[in-house]
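Shown next, in structure tokens, is the structure this report addresses.
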Amino acid sequence: MKLEAVELIRLDVPLKSAFRTSEGSVSVHEVVWVHAITDVGEGWAECAANALPDYSSEYHTAAAGVLREFFIPEAMKLGNDLTAEAIAPALHWAKGHRMAKAALETAVLDAQLRASGMSFAAYLGATKTKVPAGVSVGIMDTLPELMKTVEGYLADGYLRIKLKIEPGWDYEPVKLVRETFGEDLLLQVDANTAYTRDDFDLLKRLDEFNLLLIEQPIEEEDILGHARLAEYIQTPVCLDESIVSAGVARDAIEIGATSIINIKPARVGGYIEAVKIHDVAQAAGIPVWCGGMLETGIGRAANLALAALPNFTLPGDTSASARYFETDTTEPFVLVDGHIDVPTGPGIGVDPIREVVDRFTVSTEWVK
Ligand code: OSB
Ligand code: MG
């Protein structure tokens, strides 16, 4: 196949409510979409980069820039040899920018799979037709507000709760949620790097709540620090931001820095690398789960396909459309008995709703 043109679309999709983490608060999901036009048809991907370089060094205008200036021209240079599998090797010379790389690879893969009639789930090796859904709960202004929010998600049927934490919003909210909703609730926390090596005693206090895991407590480069923490506390340590490739995953597992991994395809450069991490973890007996970046349906669809692989044994952050948006960009994903169906159609299996996309579009540019 051959890449003929790419449309980069900037969208502002309003969130139902602000989502606050230790890194900041967002009330509008600002993203770039990659719409690939190939000789065998079109493909879609949502680039996960935030508006600010707060989760990682990437941000959406930088992603658009590196796609426009380097990555799309490089993919076009492949000529008729373009395949989704050829993208990562062709971009390997460029350091970092994994979310931008992932978006281009995913859009090309979508086109490739749509043309051959194969779903993402089948291509990636999915073994499930529906996946259990958890929900990520942001930091709130007050504890009553948090209780009301968690209660609402449990009423919706979510199977596990993840609380965002930061210094000053950790022990008390976790204790209250555990006491209010009981020992059987699957409960975990995510610090998004908010703590340091000086906070181990504080983090150890969370041991009493029998959490499934603590996600990315300290900074992403400090893998050794996570290994030390993992020895010090009982709660399993789960890395998110730190795991940027299958190689890093292998090393982090080997030194004991992570006993569970949050896999986000965008963070690691795409779905092909994500499957490699799944396999490395599986071989080491380390369970994985699928994280999210507040994606709209276009990004969520492919994440659900990945979450259907066999070693994704914990509920992911792949929540229903209604958890995030009044109006999603695709047919909404719905929660049924705590699960979400894995799309079965060709490619990502869903299509953007043109009228909705137009409404949320801030700007578009064509790269040819
Ligand atoms: O750390 O997992 C994270 C959202 C944006 C950036 C980072 C993270 C998150 C979430 C929400 O926790 C995941 C989701 O529901 O998509
Ligand atoms: Mg996280």
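The values are calculated or read from the model by the stated rules, or taken from the named source; none is laboratory data. All figures in this text were calculated on a predicted structure; none of them were measured in a lab. Cβ: placed from backbone, ideal geometry, glycine included. Neighbour counts: every protein chain shown. Note: accessible area is taken over every heavy atom of the protein model, side chains too, but ligands, DNA and RNA are not part of it. Shrake-Rupley method; radii C 1.70, N 1.55, O 1.52, S 1.80 Å.
Could you please let me know if Arg267 is touching a helix residue (DSSP H, G or I) at 6+ places or on another chain (Cβ under 8 Å), of a type outside the set (Asp, Glu) and surrounded by fewer than 16 Cβ atoms within 10 Å (Cβ to Cβ)? No, not satisfied. Counting only residues that are open to solvent by 40 Å² or more (accessible area, probe 1.4 Å) and either in contact (Cβ under 8 Å) with a residue 40 or more places away in the chain or outside the structural domain of Cys238 (by TED's automatic domain parsing) (or both), how many does the stretch 136-165 have? Within the stretch 136-165, residues that are open to solvent by 40 Å² or more (accessible area, probe 1.4 Å) and either in contact (Cβ under 8 Å) with a residue 40 or more places away in the chain or outside the structural domain of Cys238 (by TED's automatic domain parsing) (or both) number 2.
In the stretch 196-206, is there at least one residue being within 23 Å of Ala305 (Cα to Cα) and open to solvent by less than 20 Å² (accessible area, probe 1.4 Å)?
First, the residues of the stretch 196-206 that are within 23 Å of Ala305 (Cα to Cα): none.
Scanning the stretch 196-206, I find no residue that is within 23 Å of Ala305 (Cα to Cα) and open to solvent by less than 20 Å² (accessible area, probe 1.4 Å), so the answer is no.
Note on the stretch 54-81: residues that are closer than 22 Å to Glu241 by Cβ and of a type in the set (Asp, Glu) total 2. Screening Ala274 on (1) open to solvent by 10 Å² or more (accessible area, probe 1.4 Å); (2) in contact with a Pro (Cβ under 8 Å, 6 or more places away or on another chain) shows it passes everything except condition (1). Taken over the stretch 294-321, the criterion of being open to solvent by 20 Å² or more (accessible area, probe 1.4 Å) and in contact (Cβ under 8 Å) with a residue 40 or more places away in the chain is satisfied by Leu294, Pro310, Leu314.
Residues that are farther than 30 Å from Ile353 by Cβ and within 16 Å of ligand 2 (Cβ to nearest atom): find the strands (runs of 3 or more DSSP E) completely inside the stretch 227-313 holding 3 or more of those. Show your work before the answer.
Details: elements: 237-239, 260-263, 288-290.
Fully inside the stretch 227-313 and qualifying: 237-239.
In the stretch 222-239 there is at least one residue matching the filter, namely being surrounded by 24 or more Cβ atoms within 10 Å (Cβ to Cβ), more than 20 Å from Thr313 (Cα to Cα) and within 16 Å of ligand 1 (Cβ to nearest atom). Looking only at the stretch 243-255, decide whether some residue is in contact (Cβ under 8 Å) with a residue 60 or more places away in the chain, open to solvent by less than 10 Å² (accessible area, probe 1.4 Å), in the same structural domain as Glu220 (by TED's automatic domain parsing) and within 16 Å of ligand 1 (Cβ to nearest atom). Within the stretch 243-255, none of the residues are in contact (Cβ under 8 Å) with a residue 60 or more places away in the chain, open to solvent by less than 10 Å² (accessible area, probe 1.4 Å), in the same structural domain as Glu220 (by TED's automatic domain parsing) and within 16 Å of ligand 1 (Cβ to nearest atom).
Of all the criteria given as (1) in the same structural domain as Ser136 (by TED's automatic domain parsing); (2) buried (at least 20 other Cβ atoms within 10 Å of the Cβ), the one not satisfied by Ile348 is (1).
When restricted to residues that are surrounded by fewer than 18 Cβ atoms within 10 Å (Cβ to Cβ) and touching a Ser or Thr at 6+ places or on another chain (Cβ under 6 Å), the stretch 26-56 contains 0.
Where residues in the stretch 207-221 are among the aliphatic types (A, V, I, L, M) and open to solvent by less than 40 Å² (accessible area, probe 1.4 Å), which of them is farthest from ligand 1 (Cβ to nearest atom)? Please lay out each step first, then the result.
Of the stretch 207-221, the ones among the aliphatic types (A, V, I, L, M) are 211-214, 218.
Those left that are additionally open to solvent by less than 40 Å² (accessible area, probe 1.4 Å): 211, 213-214, 218.
On the way: Leu211: 15, Leu213: 12, Ile214: 12, Ile218: 14 Å.
Filtering first and then ranking leaves Leu211.
Any residue in the stretch 81-95 that is in a helix (DSSP H, G or I), under 25 Å from Ala322 (Cβ atoms) and among the small types (Gly, Ala, Ser)? Within the stretch 81-95, none of the residues are in a helix (DSSP H, G or I), under 25 Å from Ala322 (Cβ atoms) and among the small types (Gly, Ala, Ser). Quickly run through the stretch 106-135 and pick out the residues that are surrounded by 24 or more Cβ atoms within 10 Å (Cβ to Cβ) and among the polar types (S, T, N, Q). Result: Thr106, single match.
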